[in-house]
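The values are calculated or read from the model by the stated rules, or taken from the named source; none is laboratory data. Computed from a predicted model, the values in this text were never measured in an experiment. For neighbour counting, all protein chains shown are included, and Cβ atoms are generated from backbone atoms with ideal geometry for every residue, glycine included. What goes into the accessible areas is simple: the full protein's heavy atoms, side chains included, and nothing from ligands, DNA or RNA. Shrake-Rupley method; radii C 1.70, N 1.55, O 1.52, S 1.80 Å.
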Amino acid sequence: MIEFNSVTYIHPAGVKALDDITVKFGQGELVAIVGANGAGKTTLVKHMNGLLKPTKGTVKVFGYDTTQQTVASLSRRVGVVFQNSDHQLFSDTVEHEVEFGLRNFGFSHEVVKQRVDWALRFFGLNEYATTSPMMLSGGEKKRLCLAAVLAWDPDVLVLDEPTVGQDLLNKEKLEQIIRLLLTQGKTVILVSHDIEFLWPMQPRTIVMSRGKIIADKPASKVFTDDSLLAEARLIKPQLVELAQRLNVGDGEVFDNIYTAKKWILDRFRCA
Amino acid sequence: MPKIIEIKGFTFHYAGSPRPALTDVNLSIDDGEIAIIAGPSGCGKSTLLRSINGLIPHMYSGTYIGEVYINNLKVSEHTISEIAKHVGYVFQNPENQIFMFSVERDIAFGLENLGLPREEIKKRVDWAIDLLGIREIMHRAPHEISDGQKQRVAIAGVLAMKPKILILDEPTSLLDPLSALDLITTVKHLHDTLKLTVIVVEHRLDLLVSIADRLIVMEDGKIISNNEPREVLKDDRLLTVGVGVPSIVRLRHLLKDACIFKHLPLTPSEFVEQINVAQR
């Protein structure tokens with residue numbers, strides 16, 4: 001669905017932000033992109049809806065070369081929610097913010113009304129429908145950006161640091177949405193530092209460092225590789241550290257607290 | 001222990017808002033504590049911080065009932081700039097805070113505003129730069145440094161004012177995991193060497209609980225829990241409030257009918273230690 005072929009991107013200032021990237025994202029995949037600040041994660045994401053075009057190489061989205069497409073037409077299929085909500089929000093009210101994309105993509109009046117209503121309710125923003133987005137808290141702004149993109153139902157959803165400023169309940173809600181989208185065959189790409197959030201979803205994990213992809217493998221392989229973690233400035237999820245300290249054994253991991261519970265109850269006889 | 005922060009019967013209702021943001025809050029924090037404030041979005045955390053650094057009532061209008069004392073000063077009776085000498089506030093996004101054309105100039109900015117003599121400013125900037133380990137970037141522009149370094153510059157700028165209290169609003173949320181861990185280690189070190197009182201607002205507790213003396217949990221404008229972190233996290237009802245309880249603690253709650261642990265484990269190593277004890 002999205003294909004990077006030997007993509008290099010050099011910033012106007014001369015910095016090489018992406019260095020010969022070749023990678024594919026398929027339908028129905030959950031992919032996490034991790035790595036240090038400045039590794040090139042956001043630059044990579046900006047190529048997915050054509051906001052940036054490669055200096056060298058090609059990016060194809062559903063078969064179309066992004067240099068031949070507008071950002072608007074690419075966005076219809078690849079919805080990106082950026083890290084800084086303030087750069088994304090511009091409407092006078094919360095409701096209009098969600099409507100904007102839907103109207104631009106030519107949905108009928110009824111569908112627009114229905115989708116806006118659904119999105120605001122789902123993200124607990126309906127009581128702010130007529131409020132200015134600038135009056136919202138950081139966490140609420142983030143949810144509004146997500147609501148606005150999900151409302152037009154793109155095939156690929158790209159979320160850049162979606163958990164920043166979100167409390168546990170909203171993170172749980174976000175995880176539910178991601179799982180729901182995956183069951184619908186959508187592709188979800190997450191850029192995140194929030195290891196504890198990513199771990200239970202066991203995504204395919206792409207590790208970036210200095211503009212290159214240094215690993216592309218299942219989460220269970222990335223987060224048990226000490227030298228890779230150090231190189232990418234990552235730390236282990238608590239459950240990985242626990243499994244190692246309990247000597248759970250080769251290749252076996254606790255992907256969530258329930259598998260950990262089962263393993264412990266099978267082996268330990270507690271007082 | 002002298003109280004560095006003392007809040008008594010405090011209610012604040014923003015002008016034009018349908019309900020109070022804080023209701024009858026009572027809180028005292030000892031000099032030299034590290035306290036975490038946690039709670040779901042909209043629980044009143046930001047309002048509480050604004051009441052401590054004086055933005056409330058001096059910048060935000062509303063109904064103000066009760067008393068807030070910082071280092072024995074009644075916040076409502078002192079200007080924001082006076083309070084700023086006692087309370088250093090580091091924003092979530094350091095880009096909202098650092099703006100000068102070099103790191104060094106940025107750290108000097110607050111001191112120039114205090115009207116300090118040139119020599120004193122130079123001395124304090126030097127001191128803060130070494131304290132945060134940012135000498136090698138002191139001549140760079142803020143846009144040339146990493147996010148973790150920006151966070152350090154913001155902290156240096158605040159500490160140069162020599163406050164007694166350091167407030168950090170979600171300081172790690174924009175940092176990669178290792179930089180987040182480094183920052184927390186630095187905060188602990190600053191606390192130990194400068195005898196600071198540190199207040200951190202954070203959703204994620206996994207990296208922070210082991211260095212904190214106190215965990216304050218808020219919900220709907222009230223403090224619902226306020227104690228040593230291990231005591232607070234013992235209560236598994238916290239999960240339904242929306243606090244980012246570490247996975248290790250959640251696992252321990254799952255096992256509560258099967259295993260009796262002497263202490264609540266906060267980290268994987270404590271967990272393994274506890275379960276080995278429980279087995280004997």
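Annotations
- For region A:188-271, the list of chymotrypsin sites (Phe, Trp or Tyr not before Pro) that fall in a loop by DSSP and count at most 16 other C-beta atoms within 10 angstrom reads A:Phe268.
- Residue list for region B:197-235, given a label point 7 angstrom along the Cα-to-Cβ vector of B:Asp24 and an amide N cut-off under 16 Å: B:219-225
- Solvent-accessible area per residue for region A:2-234 (1.4 angstrom probe, square angstrom): 42
- Rounded if a/c under 1.5, otherwise prolate or oblate - the protein assembly as shown, Cα gyration tensor axes: rounded
- For the cross-link pairs B:Lys74/B:Lys164; B:Lys85/B:Lys122; B:Lys3/B:Lys222; A:Lys262/B:Lys222; A:Lys171/B:Lys234, the ones whose C-alpha atoms lie over 27 Å apart are A:Lys262/B:Lys222.
- Inter-site label distance for A:Ser91 and B:Thr79 at 7 Å from Cα along Cβ, in nm: 4.3
- Three-way shape call for chain B based on the alpha-carbon gyration tensor, with the a/c threshold at 1.5: oblate
- Spin-label pair B:Glu273-B:Thr240: with each label point 7 Å from Cα along the Cα-Cβ axis, the two points sit 3.2 nm from one another.
- Buried between A and B is an accessible area of approximately 3600 Å², summed over both sides with a 1.4 Å probe.
- For the protein assembly as shown, the Cys residues with no second cysteine's beta carbon closer than 4.7 Å are A:Cys145, B:Cys43.
- Computing FRET efficiency as 1/(1 + (r/R0)^6) for B:Leu194 and B:Tyr60, where r is the C-beta to C-beta distance and R0 is 30 Å, gives about 0.50.
- Rounded percent of accessible protein surface that carbon and sulfur make up, the protein assembly as shown, 1.4 Å probe: 49
- Taking the chain by itself as reference, region A:207-235 contains these residues with an accessible-area loss of 30 Å² or more in the full protein complex (1.4 Å probe, heavy atoms): A:Arg233, A:Ile235.
- Length-normalised contact order for region B:88-225 - Cα pairs under 8 Å, 6+ apart - percent: 28
- Among A:Ser209, A:Ser227, A:Ser132, the largest mean-square fluctuation in a Gaussian network model of chain A (Cα springs under 10 Å) belongs to A:Ser227.
- Tensor-based shape of chain A (alpha-carbon gyration tensor, a/c under 1.5 rounded, otherwise prolate or oblate): oblate
- Summing Cβ point charges (Lys, Arg +1; Asp, Glu -1) relative to the Cα centre of region B:75-216 gives a dipole of roughly 380 debye.
- Using C-alpha pairs below 8 Å separated by at least 6 residues, the relative contact order for chain A is 23 percent.
- Residues of region B:167-208 buried by at least 30 Å² on assembly (accessible area, 1.4 Å probe, chain alone as reference): B:Ser173, B:Leu174, B:Asp176, B:Pro177, B:Leu178, B:His203, B:Arg204, B:Asp206
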